[in-house]
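Peer 1: First the structure, then my questions, so here it is.
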Amino acid sequence: VESTSEVFIGVNSFHHQAIKRLGNNVKPVAYAEDGIIEAIEVEGKFAIGVQWLAEYLDEMEPLFKALVKKALEYRKKKLGLLDPKKNSIDLPVEEL
């Protein structure tokens, strides 16, 4: 489901480079006021790219939790520990 609403968040964007061309299946999902692409996603995969320093912003904690969850799922899948019917894991927030 693609959102059509605009959400504005403040980020710490200190870069001097920007995306010029997007690769296949890469879509821009956030822009700076000057039109520079600030975030991308890759369709069909868990891949998120941001142009700001997310590690310095408390508001970005859900982004890091999603990354950790996907990394754990990947590792468990490689080790054969995932339920093949479910193909994901549910972790309490405390474990992230």
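Here's the yes/no breakdown for (1) among the aliphatic types (A, V, I, L, M); (2) assigned by TED's automatic domain parsing to the domain that holds residue 9:
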position	(1), (2)
38	no, yes
43	no, yes
47	yes, yes
52	no, yes
65	no, no
68	yes, no
74	no, no
78	no, no
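Peer 1: Considering only segment 2-51, how many residues are under 12 Å from the mean Cα position of the chain (by Cα) and part of a loop (DSSP other than H, G, I, E, B)?
Peer 2: 5
Peer 1: Determine whether segment 69-81 contains at least one residue that is modelled with pLDDT of 85 or more, within 14 Å of the chain's Cα centre (by Cα) and surrounded by 13 or more Cβ atoms within 10 Å (Cβ to Cβ).
Peer 2: yes
Peer 1: Going through segment 11-33 one residue at a time, which ones are at pLDDT 85 or above and surrounded by fewer than 10 Cβ atoms within 10 Å (Cβ to Cβ)? Steps first, please.
Peer 2: Start the filter on segment 11-33 by keeping residues that are at pLDDT 85 or above, which leaves 18-32.
Result: 20, 21, 23, 24.
Peer 1: When both residues are 6+ apart or on different chains and their Cβ atoms are under 8 Å apart, which pairs have a first residue that lies in segment 53-66 and is at pLDDT below 85, and a second that is aromatic (Phe, Trp, Tyr)?
Peer 2: 53/14; 54/64; 55/64
The values are calculated or read from the model by the stated rules, or taken from the named source; none is laboratory data. All figures in this text were calculated on a predicted structure; none of them were measured in a lab. Note: ideal-geometry Cβ built from the backbone for every residue, glycine included; neighbour counts use all protein chains shown.
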